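Here the structure is laid out as structure tokens; the discussion comes afterwards.
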Amino acid sequence: MKKIIALFFATIFSTFSFAQKSDLIKTEKPHKIYSSFEIGGGYGESHYYGDLSKGFFQLKNMHQDLCAFIRYQRGRNWAVKLMYNKGQISGDDAYNKAALKPRNLRFFSPLKEYALMAEYAYPEFTVCRQYNWSPYITAGVALFKFQPQANGFGDLHSLSTEGEGLPECPDRKMYSLTQIGIPVGVGIKFIPAKRIILGAELAMRKTFTDYLDDVSTTYVSPAILLQEKGEAAVKAAYRGSYKYPNNDPTGQNRGNSSTKDWYCIFTINVSIALYYDCFTEQHRYNDVGGCKSF
């Protein structure tokens, strides 16, 4: 009998406890996840790496870059950014490896880029606490436009300097001036004042073209270029002091087609949080209702 009575009270107690927990679950306020929306811009440098560059970072190849972006963050770590960059890239054999200087090629090109990038901040980042800061990694996809040119020759793309698009060179298709790139990089951001976010970012762009500099494969026959594009194309294609039999460079290496071109962009940026919603985590900040907002 004592066992039955004990079992009866144990059943009543467990049922009452479960009812209390169920009621608590129903009445508990839903957990709020941090989110914010920013708009900003920045200033920095754009840089090219390819056949006409001695290394990844060469001061002579750096140019001004301007950017604008919007950024949405969801949670303490992840953010997504839509970004526009406007800059320039260039390269010159005068600053290249000694063995390539006699080739005497050079170029410059305007650069416009539209990029969609994800950011992961570690350990975390929010605008809810003043002087908060965090490094982050970033990656995404970019659509960019370029137009290689050279002083004295104008638009190199239209001159088909390596026979691109000419009927005599069916294996050399005309390259597109709009391409896809893959940005990968690192950055840091912090909060110096209410709603203001300062940051710096360096991201390399892997491209799928070898013609950012209009240099990729081998020299095409000067006779073909003269016939199809005129004397300006011949002079633009062959500007070097190399000595070839009969002064004919046809078939000799003009570039390295086994590797694609890269460019990178470094920016110092500032943005303002137009909206932010702090999350509720009393055990982390000991503030009623969550972290403090300004």
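May I ask you to list the residues in segment 76-91 that are more than 20 Å from D277 (Cα to Cα) and among the β-branched types (V, I, T)?
Answer for segment 76-91, where residues must be more than 20 Å from D277 (Cα to Cα) and among the β-branched types (V, I, T): just I89.
Filter segment 271-294 down to residues that are surrounded by 15 or more Cβ atoms within 10 Å (Cβ to Cβ) and within 28 Å of E113 (Cβ to Cβ) and give me whichever is modelled with the highest pLDDT.
Among those that are surrounded by 15 or more Cβ atoms within 10 Å (Cβ to Cβ) and within 28 Å of E113 (Cβ to Cβ), it is S271.
Can you tell me which residues in segment 217-249 are modelled with pLDDT under 90 and more than 38 Å from the chain's Cα centre (by Cα)?
K243, Y244, P245, N246, N247, D248
For segment 173-224, which residues satisfy the criterion of being among the β-branched types (V, I, T), touching a residue at least 40 places away in the same chain (Cβ under 8 Å) and touching a strand residue (DSSP E or B) at 6+ places or on another chain (Cβ under 9 Å)?
I182, V184, V186, I188, I191, I196, I197, T207, T209, V215, T217, T218, listed by residue number.
Just name the residue that is nearest to I180 (Cα to Cα) out of those in segment 91-125 that are touching a helix residue (DSSP H, G or I) at 6+ places or on another chain (Cβ under 9 Å) and among the acidic types (D, E).
Here is the first cut: in segment 91-125, the ones touching a helix residue (DSSP H, G or I) at 6+ places or on another chain (Cβ under 9 Å) are 91-96, 100-106.
Right, trim to among the acidic types (D, E) and you get 92-93.
Numbers: D92: 24, D93: 26 Å.
Taking the candidates together, the pick is D92.
Since R76 meets every condition but one in (1) closer than 17 Å to K54 by Cβ; (2) at pLDDT below 95, which condition does it not meet?
Failed condition: (1).
Would you point out which residue out of T209, T218 is among the polar types (S, T, N, Q), out of contact with any Pro (no Cβ under 6 Å at 6 or more places or on another chain) and under 26 Å from C264 (Cα atoms)?
T209
Considering only residues of segment 49-73 that are at pLDDT 90 or above and touching a helix residue (DSSP H, G or I) at 6+ places or on another chain (Cβ under 9 Å), which is nearest to F190 (Cα to Cα)?
Within segment 49-73, the match that is nearest to F190 (Cα to Cα) is Y49.
Going through segment 160-211 one residue at a time, which ones are β-branched (V, I, T), touching a Gly at 6+ places or on another chain (Cβ under 8 Å) and either within 17 Å of S46 (Cβ to Cβ) or in a loop (DSSP other than H, G, I, E, B) (or both)?
Of everything in segment 160-211, those that are β-branched (V, I, T), touching a Gly at 6+ places or on another chain (Cβ under 8 Å) and either within 17 Å of S46 (Cβ to Cβ) or in a loop (DSSP other than H, G, I, E, B) (or both) turn out to be I182, T207.
Of all residues in segment 51-81, count the ones that are crowded, with 22+ Cβ neighbours inside 10 Å, within 22 Å of R205 (Cβ to Cβ) and more than 17 Å from the chain's Cα centre (by Cα).
Matching residues across segment 51-81 total 4.
Only one of these is closer than 30 Å to N132 by Cα and out of contact with any Phe, Trp or Tyr (no Cβ under 9 Å at 6 or more places or on another chain): Y43, Y84, Y72. Name it.
Y43
From A118, A150, A142, grab the single residue that is more than 30 Å from L225 (Cα to Cα), buried (at least 21 other Cβ atoms within 10 Å of the Cβ) and in contact with a strand residue (DSSP E or B) (Cβ under 9 Å, 6 or more places away or on another chain).
A142
Can you tell me which residues in segment 205-245 are touching a Phe, Trp or Tyr at 6+ places or on another chain (Cβ under 8 Å) and either of a type in the set (V, I, T) or surrounded by fewer than 18 Cβ atoms within 10 Å (Cβ to Cβ) (or both)?
Correct list: K206, T207, T209, V215, A232, K235.
The values are calculated or read from the model by the stated rules, or taken from the named source; none is laboratory data. It should be emphasised that the depicted structure is a prediction, and the values quoted were computed from it without experimental measurement. Methodologically, a virtual Cβ is constructed for each residue, glycine included, from the backbone with ideal geometry; neighbour enumeration extends over all protein chains shown.
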